[in-house]
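Structure first, commentary second.
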Amino acid sequence: MTGAMAEGSKPEQDVRPGGGRRDEARRGAAGHGDAEQGGSGECRSDGQQEGHGECRSDGQQEGGGDCPSDGQQRRRLVAWRGAGRTLTRRPGERTLRERLTELVRDAEEVYDLAESVDLYGDGVVAELERRVAELLGFPSAVFFPTGTMAQQVALRCWAGRSGNPVVALHPVAHPELHERDALTAVSGLRTVHPTREPRLPTASEVRALEEPFGTLMLELPLRDAGYVLPEWHELVEVVEAARERDALVHFDGARLWETTSRFGRGLSEIAGLADSVYVSFYKSLGGLSGAALVGPEAFVDEARVWRHRYGGSVFQQHPAALAALAGLERELPRLPEYVAQAAVVAGALREGLEAAGVPWLRLQPERPHTHEFRVWLPYPPDVLAEAALRQSERTGVTLFHRWFGGGPAGPPGIAYTEVSVTAPGLAWTADDVKEAAGRFMEFVRQVAQEA
C-alpha cells in the first residue's frame, strides 16, 4: 500500500469501537504516516471560476457551454468592474493596484509593519497561527499555502494514527469533486459515502455505514449541495455517531466562519466538536490565499513535517498572512450581517422572478444557511449568462455572475448560479432585488428570442 499507510501504520483490524484508539490519536499519541480547499468557486483574473466552468480539451466547459474566448472574458471583467451596484465584488474584479493599495492600508491596522519579514513561517505567519488557534479554541495551528494541501495532510495524519485509510465523506465534498483524486493518488486513502442526499449525513447513516472508517470528514457548509448546514443538534449527533465507530472527526471548515448564525454558537464551540479543522482565509474573509489547520499540538507538529514534504514550506508569505489578519479583523465580524441580508435577498429574488413570469425556479436552500446560496432556472446556462452580462453592461447592476449547467446527469435546459451577499449587498433593499430580478428576466427573454 502506498501513501498514508506506507510508514509502519497499525493494522486495520486494531480499529474497533471502544478500543481507545480514537482517544489516543486525539491526544496526539505517536503514530505513523501523516495524511485545500482552495479555489472552488472563486473568480480568477480571467473571469473563470475554479471548480466550475473549467475548459476541457474538447472546448466545452464542465457543467455545460462553450469555453469563453479571451474577448468574452475581458467583456465580463469590464462589465462587472463597471457595475455601480452588485451583491458582491469578486476577487478577479479588482486590479492589482487596487488590491495592493488595500492590502497596505489594512495591514497597518492589524500588524506592526516595522517588524521583520517572515522567513519560513515565523513573524507575521506565526502570529496568524496563534490568532486562529485562539479563535477556534485549539492549542495549535499551522499555516498552509493552499487548503487542498492542508486537507490532504490532515486526513493523511489521521489515517496514519488510526491505522485505517478509509475516509467517510459526502460524494460532493471538495476532495471528491475538486482535487483530482488527490486523496488516493497522493495520500493512498480511500473514501466511502454515508449518504448521497444533498445534505450532510445523519447520525443513523453514519452508524449504518457497513465499512469501518478511520475518519469522518464533514464539510461545513456543504458547498456543492447549496452551502447547506445541519441543525446544531444534528451536527452533535453525527459527531457522536462517529465516536461510537471509534473514528476521528475532521471538519472541512473552509467556510466555517459563516456558520455561527445558523448554529447559534461561537466558533470555538463549533470547531471544538472535531479533532481537527481546516479553515480558508479567502473564501469568506477576502484574503489573498492560504489556509490553516488546527488540532492537538502533536498532530500539528506532524502536519508541519508533512507540509514540508508536500512542498508547502514557503520562504516568505507575509502578503497572504497580512491579508488573512485583515480579513479576521474586518470581514469576520460582518459575516452575521451578510447572512441576515442573504435571507432578504433570497426571498426578494423569489418574489421578483415569480412576478416576472419565470415558469419554474428553485432556491437551494429555500432560506440560506449562510450568506451564499444557489438559484436554479429553466434556461440554458449560456442564455442566462448572456442575460446577466447584458444587465451589468446596460443598467450598471450586477445581479448574477456566472451560470452553470446541472452536469452530465442533470436535465438539459436547466442551470444554476451561486449568489454571495457581502458588503456591497448590504445596500440593497428587497425592492431593489425585485426590480433587478424583473429586469434580468427581460434580458433573458431577449437573449432566448435571439437564440
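Quick test of your reading of the structure: Glu50 fulfils all but one of (1) at pLDDT 90 or above; (2) closer than 22 Å to Thr146 by Cβ; (3) touching a Gly at 6+ places or on another chain (Cβ under 6 Å). Name the failing condition by number.
Of (1) at pLDDT 90 or above; (2) closer than 22 Å to Thr146 by Cβ; (3) touching a Gly at 6+ places or on another chain (Cβ under 6 Å), only one is false for Glu50: (1).
Condition test on Asp246, is it touching a Lys or Arg at 6+ places or on another chain (Cβ under 7 Å), at positive phi and not β-branched (Val, Ile, Thr)?
yes
Looking at the range 399-410, which of its residues are in contact with a Pro (Cβ under 9 Å, 6 or more places away or on another chain) and of a type outside the set (D, E, K, R)?
Trp403, Phe404, Gly405, Gly406
Could you check the range 82-102 and list, in sequence order, the residues that are assigned to a helix (DSSP H, G or I) and crowded, with 17+ Cβ neighbours inside 10 Å?
Gly92, Glu93
Return the only residue of Asp122, Asp112, Asp106 being assigned to a helix (DSSP H, G or I), more than 21 Å from Arg243 (Cα to Cα), open to solvent by 10 Å² or more (accessible area, probe 1.4 Å) and of a type in the set (Asp, Glu).
Being assigned to a helix (DSSP H, G or I), more than 21 Å from Arg243 (Cα to Cα), open to solvent by 10 Å² or more (accessible area, probe 1.4 Å) and of a type in the set (Asp, Glu) holds for just one of Asp122, Asp112, Asp106, which is Asp106.
Quick one: in the range 421-431, of everything that is under 28 Å from the mean Cα position of the chain (by Cα) and open to solvent by 20 Å² or more (accessible area, probe 1.4 Å), which residue is nearest to Glu393 (Cα to Cα)?
Taking the candidates together, the pick is Pro424.
Any residue at all in the range 410-421 that is in contact with an Asp or Glu (Cβ under 9 Å, 6 or more places away or on another chain) and either in a loop (DSSP other than H, G, I, E, B) or more than 23 Å from Val172 (Cβ to Cβ) (or both)?
Among the residues of the range 410-421, at least one is in contact with an Asp or Glu (Cβ under 9 Å, 6 or more places away or on another chain) and either in a loop (DSSP other than H, G, I, E, B) or more than 23 Å from Val172 (Cβ to Cβ) (or both), which makes the answer yes.
Looking at the structure I just gave you, is Leu328 within 25 Å of Ser420 (Cβ to Cβ), open to solvent by less than 40 Å² (accessible area, probe 1.4 Å) and in a helix (DSSP H, G or I)?
For Leu328, the condition - within 25 Å of Ser420 (Cβ to Cβ), open to solvent by less than 40 Å² (accessible area, probe 1.4 Å) and in a helix (DSSP H, G or I) - is met.
Which residues, taken from the range 362-384, are open to solvent by less than 10 Å² (accessible area, probe 1.4 Å) and farther than 19 Å from Leu335 by Cα?
Leu363, Val375, Leu377, Leu384
Taking the range 259-283, which residues are over 12 Å from Gly147 (Cβ atoms) and either open to solvent by 40 Å² or more (accessible area, probe 1.4 Å) or of a type in the set (Gly, Ala, Ser) (or both)?
Residues satisfying the conditions are Ser261, Arg262, Gly264, Arg265, Gly266, Ser268, Glu269, Ala271, Gly272, Ala274, Ser276.
Name the residue, out of Ala343, Ala356, that is over 19 Å from Gly84 (Cα atoms), surrounded by fewer than 19 Cβ atoms within 10 Å (Cβ to Cβ), of a type in the set (A, V, I, L, M) and touching a Pro at 6+ places or on another chain (Cβ under 9 Å).
Selected residue: Ala343, the only one of Ala343, Ala356 that is over 19 Å from Gly84 (Cα atoms), surrounded by fewer than 19 Cβ atoms within 10 Å (Cβ to Cβ), of a type in the set (A, V, I, L, M) and touching a Pro at 6+ places or on another chain (Cβ under 9 Å).
If we scan the range 95-114, do we find a residue that is modelled with pLDDT of 50 or more and closer than 30 Å to Ala415 by Cα?
Yes, the range 95-114 contains at least one residue that is modelled with pLDDT of 50 or more and closer than 30 Å to Ala415 by Cα.
With the checklist (1) hydrophobic (A, V, I, L, M, F, W, C); (2) surrounded by 14 or more Cβ atoms within 10 Å (Cβ to Cβ); (3) assigned to a loop (DSSP other than H, G, I, E, B); (4) more than 27 Å from the chain's Cα centre (by Cα) in hand, flag the one item Val447 doesn't pass.
That leaves (3) as the condition not met.
Given the range 141-247, what helices (runs of 4 or more DSSP H) lie entirely inside it while holding 1 or more residues that are open to solvent by 10 Å² or more (accessible area, probe 1.4 Å) and basic (Lys, Arg)?
By residue number, 147-162, 203-208, 232-244.
Checking the structure you have, find out if any residue of the range 128-137 is open to solvent by 10 Å² or more (accessible area, probe 1.4 Å), farther than 22 Å from Gly272 by Cα, touching a helix residue (DSSP H, G or I) at 6+ places or on another chain (Cβ under 6 Å) and part of a loop (DSSP other than H, G, I, E, B).
No: the range 128-137 contains no residue that is open to solvent by 10 Å² or more (accessible area, probe 1.4 Å), farther than 22 Å from Gly272 by Cα, touching a helix residue (DSSP H, G or I) at 6+ places or on another chain (Cβ under 6 Å) and part of a loop (DSSP other than H, G, I, E, B).
Here are some conditions: (1) in a loop (DSSP other than H, G, I, E, B); (2) at pLDDT 95 or above. Lys283 meets all but one. Which one does it not meet?
(2)
Given (1) over 24 Å from the mean Cα position of the chain (by Cα); (2) surrounded by fewer than 18 Cβ atoms within 10 Å (Cβ to Cβ), where does Ala348 come up short, assuming only one miss?
(2)
Looking only at the range 248-267, which residues are in a helix (DSSP H, G or I) and touching a His at 6+ places or on another chain (Cβ under 9 Å)?
Hits for the range 248-267 are Glu258, Thr259, Ser261, Arg262.
Checking Thr260 against (1) out of contact with any strand residue (DSSP E or B) (no Cβ under 9 Å at 6 or more places or on another chain); (2) more than 25 Å from Glu337 (Cβ to Cβ): exactly one of these is not met. Which one?
If we test Thr260 against (1) out of contact with any strand residue (DSSP E or B) (no Cβ under 9 Å at 6 or more places or on another chain); (2) more than 25 Å from Glu337 (Cβ to Cβ), just (2) comes out false.
The values are calculated or read from the model by the stated rules, or taken from the named source; none is laboratory data. Source: prediction; values computed, not measured. Don't worry about glycine lacking a Cβ; one is built from the backbone with ideal geometry, like all the others, and counts go over all protein chains shown. The accessibility values were calculated without ligands, DNA or RNA, using every heavy atom of the protein model including side chains. Shrake-Rupley method; radii C 1.70, N 1.55, O 1.52, S 1.80 Å.
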